[in-house]
Structures are given as structure tokens and as C-alpha cells.
Amino acid sequence: MSTSNGAAMDTRPVFFFDIDNCLYSKECNIHDEMQKLIHKFFMEHLSLNPEDAHMLHMKYYKEYGLAIEGLTRHHKIDPLEFNRKVDDALPLDRILKPDPELRKLLEDIDQSKVRLWLLTNAYITHATRVVKLLQIDDLFEGITYCDYAKLPLICKPTQTMYEKAEAEAKAPSTETCYFVDDSHLNCKHAAERGWTTVHLVEPVTPLPSTPASQYMVRNLKELRTILPHLFKSN
């Protein structure tokens, strides 16, 4: 799996998949474990009490789509240190296991018709660890990630991140991009760009009052139904 420029020039559309809380269920509680580590980071590195740490964390997440974006903009925090203390500190090997059902779904996508690409706000170390533990890393041609080693950070839901993904995956055009993500904000901005966008809202999550994009599913298995032309006929 390539991290950039991994796809040969061809006319196939690109199907971008988010990773966290998308390729695995929210019920894995990785998000909750991550929130605890982020909360601890805010308290320790900014000398904040628990309430202020939570408020600032939520403020940055809502404004930038990524807590570390606010930390680098306003507090000169090293994103790589944040990654070591948060994402890389997660006990993923105790939580994530190979997912044969997910693998079968991805294998059934007809890659003569569409290329599979990962698109994440995580740093490369976390992203590759997740897909390897799920044993699906070999099914994707590449990955576009938030590069914590380069400032300013580029992440979803900015149009710059989607433009970067199109360039790295060598998408033929904006109109030939498919995308699935669990974030309402990410889906909204991708749909506005012209991507065919699927918002994953698991049964444990309330339905949004306003649809984020053209499609919404409760389970990735529903991709077979809403996008049948991308799957093998048998």
C-alpha cells in the first residue's frame, strides 16, 4: 500500500474510505480511549483543569475537525509528540481483530471499475496499524493522511485535504470520487465538492437532523445496495 502517488494513471473512479469509527465499529470504544488520552494531553501540556481542557478540546474539534490542529495553531504543540502520546499510545492490538466480513465486502468491490484508497485525519503510524490489525491493508492502493510532520496541518473537512486526496490517488475528476465517512462534517464538505458521499451512522448513533450527503447507511454492508454498480456481479 502506497502513502502517495501509488495509483497508475487510469480512468477508474476512486473510492475513498475513512478509517477510524468507519472500518471498525464505534462499539470498539477506541474513540473513548482516544478522548481520554487527548483530555490528559490538554491538561498536562496546557496546564488546564478538567473542565477547561474538555471545553477547549471540543472547541478545536468543532472549528478544525482535529484537536491537534488547534493545538498547533494556538499553542505551538509538536504534532508528532501529540501522536506519540495519543494515537500511538492506544492499545489497538488488544481491541482490534481481523474482520472477515469487512474483508469480504471490500474484496467484492470490483477493482476493475473502481480503486480503493484510504483517507484519514490520523497520522500514518496509527492509520497503518489499524488496517493491518483488521487485515485489510492489502486491499487498498494507497492512503492520504494528515501529515503531522508538516505544518500547517492539512486535514478533513478542508477542501485542501480533499484536493490532496484527489491528487495523491490520481482521481480522474472530482465527479469520479466516492467517499464513506462517519463524520457528518466531513461528508457534508465532500458532498459539496461533488463527491458521491456516504455518511455512516451506526445504530448506536442518533440520526442527524439534516442529511450530510446523498447517502446514509447504518452499516457498510449497505454499500452493496446503494452502489451496486461498484460491486462484482456475482
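The values are calculated or read from the model by the stated rules, or taken from the named source; none is laboratory data. Please read these numbers as outputs of a predicted model, since none were measured by experiment. Glycine gets a Cβ as well: all are built from the backbone with ideal geometry, and neighbour counts include every protein chain shown. Note: areas computed on protein heavy atoms with side chains; ligands, DNA, RNA excluded. Shrake-Rupley method; radii C 1.70, N 1.55, O 1.52, S 1.80 Å.
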**Prompt:** In the chain, what cysteines have no partner Cβ closer than 4.7 Å?
**Reply:** CYS22, CYS28, CYS177, CYS187
**Prompt:** Sorted by accessible area (1.4 Å probe), largest first, how do LYS221, LYS188 line up?
**Reply:** LYS221, LYS188
**Prompt:** What share of the DSSP beta bridges in the chain is antiparallel, in percent to the nearest 5?
**Reply:** 5
**Asked** Carbon and sulfur together cover what percent of the accessible area of the chain at a 1.4 Å probe radius?
**Response** 53
**Prompt:** Along the charge dipole of the chain, which of PRO172, PRO100, ASN21 sits closest to the positive end, that is, farthest toward it, with unit charges on the beta carbon of Lys, Arg, Asp and Glu (+1, +1, -1, -1)?
**Reply:** PRO172
**Complete:** Averaged per residue, the 1.4 Å probe accessible area of segment 117-234, protein heavy atoms only, in Å², is roughly 43
**Message:** How large is the Kirkwood hydrodynamic radius of the chain, counting all unique pairs of alpha carbons, in Å?
**Reply:** 18.2
**Asked** In debye to the nearest 20, how big a dipole does segment 137-228 give about its Cα centre with +1 on each Lys and Arg Cβ and -1 on each Asp and Glu Cβ?
**Response** 240
**Prompt:** Can you flag which of LYS40/LYS85; LYS26/LYS76; LYS59/LYS156 are past 20 Å Cα-Cα?
**Reply:** LYS26/LYS76
**Item:** Peptides ranked, highest mean first, by Cβ atoms within 10 Å: ranges 74-81, 163-170
**Value:** 163-170, 74-81
**Prompt:** So what's the Cα pair-distance distribution over segment 50-169, bin width 5 Å, in %?
**Reply:** 2, 10, 17, 19, 19, 15, 10, 5, 2, 0, 0
**Item:** Under 12 Å, Cβ to Cβ, from THR128 - net charge with Lys/Arg +1 and Asp/Glu -1
**Value:** -2
**Prompt:** Charges only on Cβ, +1 for Lys and Arg, -1 for Asp and Glu: so what's the dipole of the chain about the Cα centre, in debye to the nearest 20?
**Reply:** 140
